[in-house]
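Structure first, then comments.
Read-outs throughout are calculated quantities, based only on the coordinates presented, and are distinct from any laboratory measurement. What you are looking at is a predicted structure, and each value in this text was computed from that prediction instead of being measured. Cβ placement follows ideal geometry from the backbone for every residue including glycine, while neighbour counts extend to all protein chains displayed.
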Amino acid sequence: MRIPFLKRIDRYLIAKFLGTYVFSILLIISIAVVFDFNENVDRFTSNHAPWSAILMDYYLNFIPYYSNLFSALFVFLSVIFFTCKLADNSEIIAMISSGMSFRRLMRPYMISAGIIALLTFYLSAEVIPKGSAKRLAFENQYKRSKKSPTYADNVQLQVDTGVIAFMEHFDGISKSGYHFSLDKFENKKLVSHLTAQSVTYDTLSDVRYKWQLRNVTVRELRGLREKITHIDRIDSVIVMEPQDFLFTRNLQETMTNAELKDYIEKQRIRGSGNLKVFEIEYHKRWASPFAAFILATIGVSISARKRKGGMGTALGVGLALSASYILLQSMSGTFSINAGMHPALAAWIPNILYFFIAWYLYLKAPR
């Protein structure tokens, strides 16, 4: 397919970039899968993990998760590798000698980085979270021998402004709770107290947050007056879900962007203070795709010059920069959780710092 603003040289460089990117992912992830299987095969056999679950639930989701996680590294390696080959073959010199500016040379690299960035964002926001739920469930059952929590006791949470829910016991399998109460306050005064022998989450309803309450008693308090009502069953909308009671490891990785945003907003309304992990994950999904542009620029700027030693020096410098970028991502997240750094700043600070490094190297690149 011909695109008007893309010349033959653009299509050539884009094909080189994307082809090397895919090849590096296949090569490195294949090695990672072999090492992971070799390390965990004893656990799989001792915990009687079926082969279908190993292949479909674990490795089928392991591959896209880690491919996307280290996408920035693969971008960098791809750019360094094929650009050094172009420089060694004097192709970069020929392009610049024919009148092509270095800025013009960057166009196909940025287009390729844009394709990778969009793919990375879509995978991390919509596709990978659904697979991560299966992968983490498999790991809990067959790698760590830790089953996901199926019940919770003495749960209390704010479901709306001035509305507090309490549940003595919740069963995650049947999605039912027992000895439930719902208190409503106005101006710090109790105005309504509802109790129910049992509550069940309606999974078949099209209405979200729909619960069925049985053996209900409602006390309405108006000054010195009190009205008591007994009802056998009520279908009511209460802004809470079973996942609000059953916290699992790395829960933020199993939510799509829309679910993650909704969860954060809902927990803020409830006054929950333990949201840093979820906020960092949300902002990181927006910040990570931009690493493709930044590291591609650094890679081209380093490797476009023809060197006597070949790609060794460029590859060494490139690996050091990309490894430090990934390390800084992890450190900034830790600082946000433990030192109070704002989650958005923690997610974006690696991009901000490395943008200036990329800009400096771009200005120093051969013209």
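Taken about its Cα centre, the range 151-244 carries a charge dipole of about 440 debye when Lys and Arg each add +1 at the Cβ and Asp and Glu each add -1 at the Cβ.
The phi torsions of the range 283-288, fed into the Karplus equation with coefficients 6.51, -1.76 and 1.60 and a -60° offset, translate into couplings of 5, 5, 5, 7, 7, 4 Hz, rounded to whole numbers, with Gly and Pro shown as x. All other residues whose Cβ lies under 15 angstrom from that of residue 167 are scored, Lys and Arg at +1 and Asp and Glu at -1, for a net of -3.
Taking packing as the residue-averaged number of other Cβ atoms within 10 angstrom, the listed peptides 202-213, 72-83, 323-334 run from highest to lowest as 72-83, 323-334, 202-213. What does a probe at residue 115 reach in the range 11-36, counting residues whose amide N is under 17 Å from the point 7 Å along Cα→Cβ? Taking a point 7 Å out along Cα→Cβ of residue 115, the residues of the range 11-36 whose backbone N falls under 17 Å are 11-26. Set the Förster radius R0 to 30 Å, insert the Cβ-Cβ distance between residue 277 and residue 30 as r into 1/(1 + (r/R0)^6), and round the FRET efficiency to 0.05. My answer for the efficiency is 0.45.
With respect to the chain, whose longest principal axis is taken over its alpha-carbon atoms, helix 8-46 is tilted by about 50°.
Basic side chains Lys and Arg get +1 at the Cβ, acidic Asp and Glu get -1 at the Cβ, and with that the dipole of the range 1-136 about its Cα centre reaches some 720 debye.
Report the one residue of 99, 313, 72 whose Cα lies farthest in the direction of the positive end of the charge dipole of the chain (charges on C-beta: Lys and Arg +1, Asp and Glu -1; origin at the Cα centre). Of the listed residues, the answer is 99. Any chance you could give the angle, 0 to 90 degrees and rounded to 10, that helix 128-138 forms with the longest Cα principal axis of the chain? Approximately 70 degrees, to the nearest 10. With K and R counted +1 and D and E -1, the other residues having a Cβ less than 13 Å from that of residue 184 yield a net charge of 0. The distance linking the range 73-137 with the range 206-261 is 47 Å (Cα centroid to Cα centroid, whole angstrom). Round to the nearest 0.05 the FRET efficiency obtained for residue 323 and residue 208 when R0 = 45 Å and r is the Cβ-Cβ distance. About 0.55, to the nearest 0.05. Relative to the longest principal axis of the Cα atoms of the chain, the long axis of helix 257-269 lies at roughly 40 degrees. Remark: the range 326-339, residue by residue, has Karplus-estimated 3J(HN,Hα) of 5, 5, 5, 4, 5, 5, 5, x, 5, 4, 5, 6, 9, 10 Hz, where x stands for each Gly or Pro and the curve is 6.51 cos²θ - 1.76 cosθ + 1.60 at θ = phi - 60°. Each helix, a run of at least 4 DSSP H residues, gives -39500 (n - 2.57); summed and divided by the residues of the chain, these come to -18000 deg cm²/dmol at 222 nm. Here r is the Cβ-Cβ distance between residue 100 and residue 363 and R0 is 22 Å; the resulting FRET efficiency, rounded to 0.05, is 0.80. [x] 56; [y] 52; [z] 65: which one is percent of Cα pairs over 25 Å apart as calculated from this entry? Label [z] holds the value from this structure.
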